[in-house]
Structure formats: structure tokens, C-alpha cells
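Everything on this sheet refers to the single structure shown next.
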Amino acid sequence: MVALIEQNSPYLREYDDGAGWPNMTAAKERAFRQGFLEEARRAVREWTSGDLDLFDPFGQEEAARQLRLRTRERYTVYRSEYGPGCAGRKTHHVGYRPGHDVPAARLRGRHHALAYITQASEDVQDEDFGTFNRHVLPAWLAAVERWAAKPMKKNALSAPPPRPLSIMRADGDGDAGKKLVSNGNTSSTPSVPSSPPCGTAPLTAAMSPTATVPAMLSVRELVCRYTDLRRPVIHGLLREGEVMNIIAPPKTGKSWLATDLALAVATGRPWLGTFETIKGDVLIIDNELHPETSAHRIPRVAEARGLPLDTYAARVWVQSLRGQLRDLIAMKPYFAAIEPGQYKLIILDAFYRFMPKETSENDNATMAMLYNHLDRHAARLGCSFVLIHHASKGNQSGKAVTDVGAGAGSQSRATDTHLVLRAHEEDNIVVLDAAVRSWPPLKARCLRWDFPVFNPVSGLDATALRPDRPRRPKKDKGGDGDAKPAPKPEMDVDTFVTMCVSAEGKSKDAVLFEALSHGTTKTRARTLLRLAEENGQIHRWTYGANQPIKFATVPQPIATDKDA
């Protein structure tokens, strides 16, 4: 390949995924070791489990090699007039984008681990595969653990990883692997190399599915072996190999939010303007939307975020399962066909449609089993999973974060991040809150729904969740809006006489009706009438048999002959 690197070019002349060439860095060496160790663990676990229907080491080795080639092509830069597929494009190659060395070295480590296993298995006699599976591979993994834990040499190449047939000892000649190849001698059980003092305990027992001896680690071994947390995918929320729930009531905008998350990770921009992301490919497995709907929604969200099509078109992938639903257990071959490292994030929307038939989301054992399957897929693929799920019916404001979500409580305990959206008392505002496992506690924040995206909004109280019943609007009294109006004083006798009785005389019913119109109860009005008469403040007027009496503030006038 002709490398036409111009002076002061930002691109690199050589593709850098080697152990020490063309550049030697601790980050690259660490990435190679991690990739090799992770793939060795996974491959040995699946090889020795006995479930070989889905484990094809030769096919996976070729897939790993192809992934390295595609990754190299992704970081390759050509002159603008020559793109992929154009004749003569290699002649117009101008270099490689910087920053590829660490992910490329990790992929190289994964590929080499599979190559070591397949090459060794080809050299083993057929009758010795039992010994190879039960003893050689677990012992080789123990040696790889020790190799990965060794300190890196400064400015010098470290020793390469051990090969499966080179680390066995039998009959004192230190080369049991040679005997397995040459004459099929399986009478001697290969011994596991002794464990060094820090962080490299043999994992033979842990890798064997029939092992009865636990593989405990002391705290010293634990902290020496695992010196760093897993790499972030979404800072503050999610790491590689973890699972995150996104819970919200139906029709809140969960799918739009998931699309925004996919675009954020695919382009490496902050999600919701708050959470930094690590750039990588994203797969959306959608069993609710038709492909036509997804084709309309994704560009619409991207347009709202100001993202050109070229920035995400080759990084966001969609698998539409609407009308051809498959549960999570039935999708095991689907996930097995995905190459490790191909995706940074896989989104399952919506989780309830991935439930196996005749199971219930309210069953703790079922939910725990499904999350165990997701953990296994995440570990093999080196990615994270995000599950879109709905909240239970009713108001959610009085619940703890981990209690939000339809179904069994194990869904919030089994996941690494349980993120919920709840309605704020203000319209078009939701409150984002989360319970996290490997991050510091998250502070709740408010988001405004600006179709088709959510945007952070400041100045609102994130604890002001919408109550179960709507609050009555506060009356403006011209002063403190929170002050309650003072209660009206109860009517006394003097006020009763002044407001309800006159000098012309009123019937009893008219007096009581007047008192009730001023807010007094009927019982109190009767009491005030009796007290006013006893005090001489009102007078009773009578008009003979069968005539209604009246009450007045003056004595009844004396009747005259004319009146009669």
C-alpha cells in the first residue's frame, strides 16, 4: 500500500495494533492483554460446558479476523474523490485516523486467543479431546490469567501469551501437550501450574461446569486481578457488560428517548446534553415499531439534534421484529451469531414483548433468569444492554426509584442501572432519576419534552412530582401565595340581630333563611334566635290562632279598631 502522508497531516502512516510496533504504549499492551484474557475466558467456558451446538471456535476465529479487517477499514482515510469501492482507492490512501491503537489492539487480542485454541485443537488426536477439554484448556486459562497479571515492562516488549499445549507438565518432561499430540497418551493428568502470590488463582474449578470446589479469591488476589472498573459506555450510568432499564409510563416517549440514546452513543456526543458517551456502533432490536416507522423516526431525532446522516448512518443498526416476535430465549442463536466487539450498545424495545410464552413479568424467578441470559450475552459480546420497559398503572410519585416498573421486583435488583421517568407537576416536564450500581448516586433532574426529543431544563424542583390527585390552584390574595385565607368568624347574637331581624317583623322561617345565607348553620341560627329573644333584643309578634308568628327588633304594636 502506498502511504501518501502529506506534511503536517493529522493522519498516521501505519496501522497500529501490534504489541510494540510501530509504537509501544502501556494502554495498547493493556488492551491486548484484556482482549486476549476476556476471549480466553469466554471460549474456555463455552468449550468445556458441553454445549457445543452454538460454539464454533473456527467460525468465531474467522469472524474475529473479519472484524479486525473491518475495523482497520473504518479507520482508513482516502482522498475525498476516492471512497470505498472505487477503483484504485488503495493508491489514494492517505493514512489512518488517530486513536485506533487501543481498540485495534483489543480486537487483536480476542482474535489471537481464538487462534491459539483452534490451532491447538487441530494438533490434538481425536481420542485425546476429552483430556484437552477437561484439563488442558482450564490449565491454559490459569496460565493466561497469570500472564495477564504480570507487570508490563517499560520500553520493552512483554512476553507473548502462553499456548495451550506448551504449559502442561507430565512425566517430568514439562511437555504434556507434546504427548497429547504424538501418541495420544492420556494416562497422565496434566497438572495446573502453581499460582503466584497475587491475583492469579487457577480458574480450573470456576471454568468447569461440574466442579465442586469453589474458586474463591482473597481480597489481595481480587484487588490485584481487577485493578480498574469496567470501561464506561455512558458516564454516570452504564459500563461495558452491564444492563440498564429505562422505565416510564406508556406513551411517554420512551422509544424516542431510546433513539436519542442510540444516536448519542453512535456519534460519541453527550446524551441529553448531560451524560458523556463512548463512541461505538449501536443495535436497536425493535419489536413494537414497523421498519417504516423506524426509518421515519431516526432521521427526525437526528435532525432535532443537528446530526448529518453520514455521522450515524453506518453506526446505528436496526432489527425490526414487529410481526415476527421472538422471545429472549429463542434469540440465543441470534446473539451467538453477532461478533464480539461489533456493538457498543444493544437496545431492546420493548422488553415485555421479549418475554417467553406462558411466563409472567410478575414472576421473580422468570425475570432473574432473563437477566442472567442478558448478562451472558453482554459478557460474550463485550457490550451493554438497554431494556425499554413500561411502568405499572397508577401514580408513581410515591414510590422509590427501584419500585417503579411493571412486574417483579427482581427486575430492578438484577439490573445494573434502573432509570425511571416520572411526571413532574409542570406540564410537559418529566423527572429523570436512577439507581446505579457501579457509579456514584445520581441526582434527579428535570427534562422538557420538546418533540421529538427531551432536553434538560433548569430552575425546577426535581422533587415536585405530579401528585396522585391534581392540586387546587392557589388563590391570589395579594400577599404570600402560600398563605391560607383566614376562616370567617362565627356569627354572634348582636350580628345575628342586626343582619337577620328587622323592625317590620319577619317570620321565623325568613329569619333562619337570612342567617343561613350568611354562612351560619341551621342549628346555630336557631340557637342565636332563642338567645336574642331571651336577652330582649328581639320581640315575638303573635296574631291569633293558626297565624304564623313574627320576630322584630321592636315590641308588637297595639291593635286598634281600625286595624280590626
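The values are calculated or read from the model by the stated rules, or taken from the named source; none is laboratory data. Nothing here was measured: the structure is a model prediction, and the numbers come from that model. Glycine gets a Cβ as well: all are built from the backbone with ideal geometry, and neighbour counts include every protein chain shown.
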Notebook entry, point to check: Restricting region 235-277 to residues that are among the polar types (S, T, N, Q) and part of a loop (DSSP other than H, G, I, E, B), which is modelled with the lowest pLDDT?
Noted result: THR252
Notebook entry, point to check: Any residue at all in region 357-370 that is of a type outside the set (A, V, I, L, M) and modelled with pLDDT of 90 or more?
Noted result: no
Note to self: I need the full set of residues from region 22-67 which are over 17 Å from LEU114 (Cβ atoms) and modelled with pLDDT of 80 or more, in order please.
What the structure shows: ALA26, ALA27, LYS28, GLU29, ARG30
Next item on the list: State whether the residues of region 397-405 include one that is in a helix (DSSP H, G or I), in contact (Cβ under 8 Å) with a residue 24 or more places away in the chain and aliphatic (A, V, I, L, M).
Entry: yes
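For every residue, the table says whether it meets (1) out of contact with any Asp or Glu (no Cβ under 9 Å at 6 or more places or on another chain); (2) within 23 Å of LYS251 (Cα to Cα).
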site	(1), (2)
VAL282	yes, no
ASN287	no, yes
ASP310	yes, no
ALA314	no, no
VAL318	no, yes
LEU325	yes, yes
SER360	yes, yes
ALA365	yes, no
Next item on the list: Tell me which of these ALA414 doesn't satisfy, since it passes every other one: (1) modelled with pLDDT under 80; (2) under 21 Å from ASP375 (Cβ atoms); (3) of a type in the set (A, V, I, L, M, F, W, C).
Entry: (1)
Checklist line | Qualifying position, being part of a helix (DSSP H, G or I), touching a residue at least 24 places away in the same chain (Cβ under 8 Å) and either outside the structural domain of THR415 (by TED's automatic domain parsing) or touching a strand residue (DSSP E or B) at 6+ places or on another chain (Cβ under 7 Å) (or both), among TYR371, TYR343 | finding: TYR371
Notebook entry, point to check: Taking the stated definitions as given, is ALA435 under 22 Å from TRP256 (Cα atoms), surrounded by fewer than 18 Cβ atoms within 10 Å (Cβ to Cβ) and touching a strand residue (DSSP E or B) at 6+ places or on another chain (Cβ under 9 Å)?
Noted result: no
Check: When you look at SER384, is it outside the structural domain of PRO103 (by TED's automatic domain parsing) and farther than 30 Å from LYS332 by Cβ, yes or no?
Finding: no
Check: Any chance region 288-302 includes a residue that's loosely packed, with under 14 Cβ neighbours inside 10 Å and of a type in the set (Asp, Glu)?
Finding: yes
Next item on the list: Name every residue in region 299-335 that is part of a helix (DSSP H, G or I), touching a helix residue (DSSP H, G or I) at 6+ places or on another chain (Cβ under 6 Å), of a type outside the set (Ser, Thr, Tyr) and within 19 Å of LEU272 (Cβ to Cβ), in order of residue number.
Entry: VAL301, ALA302
